[in-house]
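Scroll down for the structure; my scribbles are underneath it.
Please treat every number below as a calculation from the coordinates, not as lab data. Values in this document were obtained by computation on a predicted structure and should not be read as measured data. A quick note on method: Cβ atoms are made from the backbone with ideal geometry, for glycine too, and the neighbour counts reach across all protein chains shown.
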Amino acid sequence: MRSTTRNFVDNAARGLADDKLQAALGRLSQGFPVKRLETISRLPEFEQLRDDAIAIKRHTLENLDSYLERYEENAKVSGAHVHWARDGDDAREIILGICRDAGAKTVTKGKSMVSEEIGINEFLADNGVEPIETDLGEYIIQLRDEPPSHIIAPAIHLSGAQVADTFKESHDELDADRDLSEPRTLLEEARAILRKKFLAADVGITGANMLIAETGTSVIVTNEGNGDLTQTLPKTHIVIASIEKVVPTLEDAATILRILARSATGQDITVYTTYSTGPKRADDLDGPENYHVVILDNGRSSLLGGEFEDMLRCIKCAACLNHCPVYKAIGGHAYGWVYSGPMGAVLAPALLGLGETHHLPSASSLCGRCQDVCPMRIPLPRLLRQWRRRWFETGGEDTKTRLGLAAWAFLAKRPALYRPLMAIGTSVLKLCGGGGRRFPILPRPEGGSFVDQWKRGKR
Amino acid sequence: MGAMNTALKNPIDVGLFATCLVDLMRPSVGFAAARLLERAGCTLHVPEAQTCCGQPAYNSGDNTDARNLAVNVIAAFEGFDYVVAPSGSCAAMIRHHYPALFEGDATMTARCQSLSNKTHELLSFLTDIMGVTEFEAEFEATATYHDSCSGLREMGIREQPRALMAAVKGLELRESGEAQSCCGFGGLFSVKYPEVSGRIVDAKSDAIEATGAETLLGGDLGCLMNMSGRLRARGSAIKTRHLAEVLAGTAPETPAIGEEGDKD
Ligand code: SF4
C-alpha cells in the first residue's frame, strides 16, 4: 500500500473536518474501551497474564532465529511449503507465483494487515488475479477502494448508512429498494454474495495472529468465521505472516490469546480461533490440498537487539488506538498507511523511514495511556521519543522549531540572562492580555517572576 | 493542620523547583507551594539558578540541550534532602527521564539517580512523605479535578490530591468521567499540531462542562493553562486554578488562570 504519511497535517485536517468520521470515532470511544474495562475487571489474573505474555515474547525475540527455524521444520513435517520473503517485493512475487501455479482466477482473503502492508490486492489485480476480501469490514472498504482506518476494525470510520449506500451502488443486481437499515441485513447481504465467491475461489489467503513453533501451526482469530471458509474451501491456502508472529508452544499461544481479545474488543475470546497445520490429510474431511506459508521480514529484523525491539512484542490488538486521544481526534486514515495510532506511529517509521513518517512520532501528546493499556506493556511514549531524537539528530526537524529550541536552551542555561529577558517577554504578554484568540493556551501572565520575587523577600 | 510524619529528620531541607511556567506565568502557585511546604514543616530553599527542567528539548528529541539543562538542575538541587515541584510532569522528567539522558556516563548517572530518588511532585510529597492529611483550608465551590498524564501515569498521583481536597471545607468535588483523559497539551505538540491538540482539549472541555462544576483544579500548570484557555475561548465561566492555591488559601486573593485582576 502506498503511503500518504508525508501529508499528515492535511490528512489530519481532513479527518477533523469530517463529521461522519467524528461521529464514528465518538462511537468507538464508547465501545471497545468500555468493554475492555468490563472484561478485564472480571479476570483477576489479567495483570499476571500480561507479565507472562511479555516474558514469552521477550524470550522468543531473543531466540527468534531458532524459533522460526523450528516453526519451519515442523510446518514442513505437516506438509507445508515455507517461503521466506525479505521485503514486500519478494512476498508479492512468491504469492503471485503460488496463485499462477494454482491457475487462480480469484483469491479470497481473510483480514490481514501484513497483506495490506505489502499491497497484495493491487498487485494481484494488476496481474490478472481477482482478490476478494471476506472480512465484512475489509469487504466494505474494498468496495469503496479505501485503506483500512483501524487495524482490527478496518471500516470503523463508516456509518451503517454509508455502508448501505455502498452496497446499493456495488450490488446493483439486487432490488434497489431493499431495506438495509439494520446492521444484520448488511451482514446477511454480504454473506450471501461472499458465499459464491468462497466456493469459486482457487486460492485463500489469510494472515496469522501467531505461528506456533512446536507444532508448525498458524492461528487466526476472527468473529465472522470468514477466515475458516477462506482457508478450508479453496484448493490452496496461503498464510502470510511477519517474523515476529512466532511463539514457541501451544501453551504460549493460549496465554497470548487470553489477553488478545480482551485488549482488542473487550471479548473474553473471539468467536472463532482457528488453528491450521499443513494441508488436508488423507482422512481429513476438508482442508486445502496445498498449504503455503510466506514469512515476511520487511525491515523488522533490523529492530532486533536495538532500541525499537520492544515494538516487535506487538500483537496488533489495537488497544493503543482505541485509547489514543490523537487517534480519536483524527481517525486512522490521517496516518496515511496501514498501521495507525500509537503502534503505527512507532512501526511506520521503522518500515517506511523517517523522511516519509516523521510527523507521526511528533504528533503525540505523550500522554502515556497507550502504554498503560498495551497488553504487552510496550513503552510506546519512549519509542516515540526515540524517533523524535533520531529525527532531530539527523537534522530533520524544521528550522523554526530548531532555532526556537536553540535560542530558548541558550537562555535557559544562563539564568542571569534568562530571567530578565523572560521578564520582558511576560510583561509584553501581560500588556497584550495573553495570547488572545490565536494562542488561547497562553493566558495573561500574573506578572513578575516567582524566583525573583522570592529573592527580593516577597512571601 | 492534620497529622504529620514525625519520623523525618529535622530540619528537612527542601529545594522548591518552581518550574518555568509557574516562575514566569503564575508566580502565585510558587508562593502557594512555598506556604504549604513551610506549613508542613520543611525548610524551604528556592535556588536562583533554576530555569526549566528541559522537557521542551527532551520531547523534541533534542537530547543535547536537554542534558545541558539537566546539568543545571542537578547542580542547583542535589544538595537538598528533597526536591519538590508543583508539577507532575516536571517532577517525572527529573525522576524518570534524567537518568536515561546520561546513559553510559557513570558519574552523571549516579548523580541523576540520587536526585531522582528524592524528587517529588508537590501534592504527593505533602501527603506521602510529610504525612499531611489536611491544611484547614476553606474554599466554597463545586470543583472538578484533572489528573495530568505524567503525574497520573509516571508518578502514581491520583488519591493524594483527592484526599487533600476532601479535607477542604466547602469544596464539593464533582468527578468527571474523563478526569484521566489527556487535555491535549503535550508541550510543543500543541504548538506544532494546534488543530489536533485543539480537538482534544475541546473534547476535554465538553467533559469538564458536563460536570457542572464552577472550578477546574489540577496539579500541573501547563495542562491548566491549556484547558483554561480553551474554556475561556468557548465562553465558559469555569475558573481554573492549581490545587495548591486552594490548599494554601491564596485563591480568594488571586485571579483564576487567565483572568484579569490587578493586584500589582
Ligand atoms: S502496541 Fe500494544 S496496544 Fe498497540 S496494538 Fe500492539 S499490542 Fe496492542
inquiry  = Suppose R0 equals 41 Å. What FRET efficiency, 1/(1 + (r/R0)^6) with r the Cβ-Cβ distance, do residue A:181 and residue B:142 give to the nearest 0.05?
reply    = 0.45
message = Among B:146, B:242, B:97, which one shows the highest mean-square fluctuation when chain B is modelled as a Gaussian network with alpha-carbon springs under 10 Å?
response = B:97
remark   = In degrees rounded to 10, the 0-90 angle between helix A:8-17 Cα long axis and the longest Cα principal axis of chain A is 90
inquiry  = Full-extension gain between residue B:172 and residue B:96, please, as 0.36 nm times their residue separation minus the C-alpha to C-alpha distance.
reply    = 24.0 nm
note = By the rule of another cysteine's Cβ lying under 4.7 Å, the cysteines of chain A that fail to get a partner are A:99, A:314, A:317, A:324, A:374, A:432
remark   = From DSSP H assignment alone, runs of 4+ in chain B each adding -39500 (n - 2.57), the sum over residues rounded to the nearest 500 puts [θ] at 222 nm at -11500 deg cm²/dmol
remark   = For chain A, the longest principal axis of the Cα atoms and the Cα long axis of helix A:341-352 enclose an angle in degrees, to the nearest 10, of 80
request  = Quote the Stokes-Einstein diffusion coefficient, in whole µm² s⁻¹, for the range A:169-315, based on the Kirkwood radius over alpha carbon pairs, a temperature of 25 °C and a viscosity of 0.890 mPa s.
outcome  = 140
remark   = Proximal lysine pairs in chain B, meaning Cα under 21 Å and 8 or more positions apart or interchain, come to 5
query = What aspartates and glutamates could a cross-link reach from residue A:20, if we take a straight Cα to Cα line under 20 Å and drop same-chain neighbours fewer than 8 places away?
reply = A:10, A:138, A:145, A:146, A:165, A:169, A:182, B:195, B:202, B:206
key: Gain upon complete extension [residue A:168, residue A:250; 0.36 nm per residue less C-alpha separation]   = 25.1 nm
Paramagnetic label zone (point 7 Å from Cα along Cα-to-C-beta, residue A:304; backbone N under 11 Å) in the range A:204-246 = A:243-244
inquiry  = Spelling out what I want: for every residue of the range B:214-228, take phi, set θ = phi - 60°, compute 6.51 cos²θ - 1.76 cosθ + 1.60 (Karplus), and round to whole Hz; glycine and proline get x.
reply    = 7, 10, 10, 10, x, x, 9, 5, x, 5, 5, 5, 4, 5, 5
ask   = Relative to the longest principal axis of chain A, what angle (0 to 90°, nearest 10) does the C-alpha long axis of helix A:46-62 take?
value = 80
message = Please compute the contact order of the range A:141-262 in relative form: average sequence separation of alpha-carbon pairs under 8 Å and at least six residues apart, divided by the residue count, as a percent.
response = 20
message = Suppose R0 equals 45 Å. What FRET efficiency, 1/(1 + (r/R0)^6) with r the Cβ-Cβ distance, do residue B:45 and residue A:52 give to the nearest 0.05?
response = 0.45
message = Below 25 Å, Cα to Cα, which lysines can residue A:57 reach? Residues fewer than 8 away in the same chain don't count.
response = A:76, A:111, A:245, A:316
